[in-house]
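This report concerns only the one structure given below.
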Amino acid sequence: MGQKRVALVAAGITKFGKRKATFRDLIAEAGKATFDSNKNISPKDVKAFIISTVYPERSAFQGHPAPLAAEWCGVRPTEFHERVENQCGSGTSAIRTAYAAIMSGLTDLVMVVGVEKVMVPSHKEIFLNAMAGSDREWESCFGVTPPPLFAMVAQAHMQKFGTTEEQLALVSVKNHNHSKTNPYAHHQKGATLEQVMTSRLIAAPLKLFDCSTNTDGAAGVIVALEERAKSLTDKPVYILGTAQINDGYPWVAYPKDWSTWPSLRFAAQKAYEMAGIGPKDVDVAEVHDCFTISEIIEYEELGFCKKGEGGRFVEDGQSDYGGEVVVNPSGGLIACGHPFGATGVRQAWEAYIQLRDEAGTRQVKGAEIFLGHNLSGLGEHHILIYGRS
């Protein structure tokens, strides 16, 4: 008997945006979309359930979300149900947890739903939430939030490698233009270089359009052991490799050169080795563009280009259609939006439709290998690699 494998057999998503839908509305919407994507699976078939969500206690005043989410998806788990929270990497971590449960023999099919309701009446709550995700006694108590932290990352990369503000802006232009073909994206109007460069300054050199978009949204996937997957669909999307690393939680404890992320490079190497591929084999990727500088550094540490050449990589169109690898065809966190707990699951949904040739006008032709990446800090990275076979 060959080695066990796990595959995606269903995937669904809600519209991302400033939604009137409640926390449970979003869960129900994503659950229905997931089941609608594969009529061979019904709620009664799901005995194991995972919810990925970060701030429901603060932004939805809802604790104990796993049984609630299962209830609103019509699922009555009899094997296990749980919540996974790992800040921005929660969705990817949740799918990895489902993968591990199946590989261990605990179950042979798991439903994963990622959800976040963050566009509450006071938008300022989002920044308080973000502060809760960092070290309270050493960082967030001083008012530190992600924009100034990643601004320092950008300054370091610009100083060391000559990366320009225009190259940062081109990441945003690309991702906003990609989102025009994604009907579920928060933004769908595209963007010009002038719009990005003249947008409001947030934390130098990062401008408004250099930053990911806070949004409400949810997504779901169902993963299954290969034997069961083949009975449910003729086009399963396999998990080929995965890796996760936490190489330091406080930002101040990370190596002083923030322009280089050795932890991501290490995680990528592990995932590539497990999948039996190299970076040049990746056809399409959804990476964690929480800020434009993040995507540029991720090109480098994931091995898509040499270190220090990320700015030139996007400038030369190598991360777009017709280039070396199509990065963030959905629009990414910048344009599709970043509902924290749903982002990694949304990336899996993109993998599902891309590797089944169901992505419509944004389909990457001939795509065989898909890489999904999230970070929860400079030293904390989560990777899943998907393939057709």
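The values are calculated or read from the model by the stated rules, or taken from the named source; none is laboratory data. Predicted, not measured: the structure shown is a model, and the values here were computed from it. We place every Cβ from the backbone using ideal geometry, glycine too, and count neighbours over all the protein chains shown.
A few notes on this one:
- Verdict on residue 277 being surrounded by fewer than 21 Cβ atoms within 10 Å (Cβ to Cβ), over 19 Å from the mean Cα position of the chain (by Cα) and more than 30 Å from residue 19 (Cβ to Cβ): yes
Results for (1) modelled with pLDDT under 95; (2) in contact with a Pro (Cβ under 9 Å, 6 or more places away or on another chain); (3) farther than 17 Å from residue 92 by Cα, shown as yes or no for each residue.
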| residue | (1), (2), (3) |
| --- | --- |
| 262 | no, yes, yes |
| 267 | no, no, no |
| 277 | no, no, yes |
| 280 | no, no, yes |
| 286 | no, yes, no |
| 294 | no, no, yes |
| 302 | no, yes, no |
| 312 | no, no, yes |
| 333 | no, no, no |
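- Of residues in the range 125-137 being in contact with a Ser or Thr (Cβ under 6 Å, 6 or more places away or on another chain) and at pLDDT below 80, the one surrounded by the most Cβ atoms within 10 Å (Cβ to Cβ): 130
- Residue 140 vs. criteria free of Cβ contacts under 8 Å to residues at least 12 places away in the same chain, of a type in the set (Gly, Ala, Ser) and surrounded by 15 or more Cβ atoms within 10 Å (Cβ to Cβ): yes
- Test: residue 323 is at pLDDT below 95, assigned by TED's automatic domain parsing to the domain that holds residue 287 and over 11 Å from the mean Cα position of the chain (by Cα): no
- Only one of 304, 340, 370 that is crowded, with 24+ Cβ neighbours inside 10 Å, at negative phi and free of Cβ contacts under 8 Å to residues at least 40 places away in the same chain: 304
- Filter result for residue 97 (out of contact with any Pro (no Cβ under 7 Å at 6 or more places or on another chain), within 24 Å of residue 288 (Cβ to Cβ) and not assigned by TED's automatic domain parsing to the domain that holds residue 348): yes
- Tabulated pairs, the range 201-217, first part of a loop (DSSP other than H, G, I, E, B), second charged (D, E, K, R) and surrounded by fewer than 24 Cβ atoms within 10 Å (Cβ to Cβ), C-beta under 7 angstrom, 6+ apart or interchain: 205/165
- Entirely in the range 256-316, the helices (runs of 4 or more DSSP H) that have 3 or more residues that are touching a strand residue (DSSP E or B) at 6+ places or on another chain (Cβ under 8 Å) and more than 22 Å from residue 169 (Cβ to Cβ): 262-275
- Residue check for residue 37: within 24 Å of residue 239 (Cα to Cα), among the polar types (S, T, N, Q) and within 22 Å of the chain's Cα centre (by Cα): yes
- Residue within the range 32-49 that is assigned to a strand (DSSP E or B) and either crowded, with 20+ Cβ neighbours inside 10 Å or in contact with a His (Cβ under 8 Å, 6 or more places away or on another chain) (or both) present: yes
- Across the range 117-129, a minimum of one residue is classified as within 29 Å of residue 69 (Cα to Cα), in contact (Cβ under 8 Å) with a residue 60 or more places away in the chain and among the basic types (Lys, Arg).
- Residue satisfying all of: in the range 347-367; outside any helix (DSSP H, G or I) and in contact (Cβ under 8 Å) with a residue 24 or more places away in the chain; surrounded by the fewest Cβ atoms within 10 Å (Cβ to Cβ) among these: 366
- If you go through the range 77-101 and keep only what is assigned to a strand (DSSP E or B) and acidic (Asp, Glu), you end up with just 82.
- Criterion (on the phi > 0 side of the Ramachandran plot, touching a helix residue (DSSP H, G or I) at 6+ places or on another chain (Cβ under 6 Å) and modelled with pLDDT of 95 or more) met by exactly one of 91, 74: 74
- Of the residues making up the range 307-333, those that are surrounded by fewer than 24 Cβ atoms within 10 Å (Cβ to Cβ) and small (Gly, Ala, Ser) are 308, 317, 322, 323.
- Close pairs from the range 238-259: first at positive phi, partner modelled with pLDDT under 95 and in a loop (DSSP other than H, G, I, E, B), Cβ under 7 Å, at least 6 apart: 248/254; 248/379
- Only residues that are within 19 Å of the chain's Cα centre (by Cα) and surrounded by fewer than 19 Cβ atoms within 10 Å (Cβ to Cβ) were counted in the range 246-265, giving 2.
- The residues of the range 55-95 that are surrounded by fewer than 21 Cβ atoms within 10 Å (Cβ to Cβ) and of a type in the set (A, V, I, L, M), listed by number, are 60, 66, 68.
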